[in-house]
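I have placed the structure first, in the form of structure tokens, so that the comments after it can refer back to it.
The values are calculated or read from the model by the stated rules, or taken from the named source; none is laboratory data. Since the model is a prediction, treat every value here as computed from it, not as a measurement. Here the Cβ is made from the backbone with ideal geometry for all residues, glycine too, and neighbour counts use every protein chain on show.
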């Protein structure tokens, strides 16, 4: 083994213990090479300092609780965001059905008119909401 | 480890998959965030952002990458976005003094941080993660999305450089 290979083997051994034969070769080389002996000692010092001083940080005990709280809030927000659409479609559907049952017109005609009215009012609602949202964003 | 998460995702058991990912990778993602943000408090907030984002996109998991690689990509991108936004804010506000990389630590640790700061970015990332991850080249490779051989070569170069700097 030349000096370069020994240096690489020394660095490798800091990550995982090498085979006994490689270790023996390193030891033989180190016995006759002061430069590589200095290198090995220096690398062991570096490794020891890094292991000692770079301590893995730990998450605070409240981390999971805080995360769950944020997820719950996010889920509520998603539900709240879609609430106007849900209410709109449910109430329009209910009103259309009631009209189809109670009004003296052909049910198919009432259902078509109800569907058209639901879609038109939905588009109007979306347009009004977009208008207010863009006005709010430009005001910020 | 990722296989059971993959199975849960295939069965659309998103809550269980999320809990498993949090259990398996919560600490690792946090360490990655600490390494990138240089501030444990801020890193914890960002780790929350990462897992919140994960919770939102979990149903969109397509199975191409392993769940852990996917999570680390989300983590890395989130950290980079936060760092970019913060550096923009710092650039626009001259009165904002930069926070020290390491606070309330011993002088030896500060010296070590100074030595580390002289390494190129990738070498610093690799060496810090390697020691924070308690010596797992496989984990570091997954986190940074680079081959294990590349992690090793960065690690070797970083150790050689640190040896010279610390002398």
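Residue check: is residue A:76 assigned by TED's automatic domain parsing to the domain that holds residue A:117 and exposed (fewer than 12 other Cβ atoms within 10 Å of the Cβ)? Considered against the rule, which asks whether it is assigned by TED's automatic domain parsing to the domain that holds residue A:117 and exposed (fewer than 12 other Cβ atoms within 10 Å of the Cβ), residue A:76 comes out as yes.
Yes/no per residue for (1) in contact with a helix residue (DSSP H, G or I) (Cβ under 7 Å, 6 or more places away or on another chain); (2) modelled with pLDDT of 85 or more:
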residue	(1), (2)
A:10	yes, yes
A:17	no, no
A:35	yes, yes
A:42	yes, yes
A:45	no, yes
A:48	no, yes
A:51	yes, yes
A:54	yes, no
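For the range B:116-167, residues that are within 9 Å of chain A (Cβ to nearest Cβ), in contact (Cβ under 8 Å) with a residue 12 or more places away in the chain and buried (at least 18 other Cβ atoms within 10 Å of the Cβ) total 11. Residue-level analysis places residue A:114 among those that are at pLDDT 90 or above and over 30 Å from residue B:18 (Cα atoms). Looking only at the range A:9-36, residues that are within 14 Å of chain B (Cβ to nearest Cβ) and surrounded by fewer than 13 Cβ atoms within 10 Å (Cβ to Cβ) come to 3 in all. Considering only residues in the range A:53-73 that are more than 7 Å from every other protein chain (Cβ to nearest Cβ) and not in a loop (DSSP other than H, G, I, E, B), the one that is surrounded by the most Cβ atoms within 10 Å (Cβ to Cβ) turns out to be A:64.
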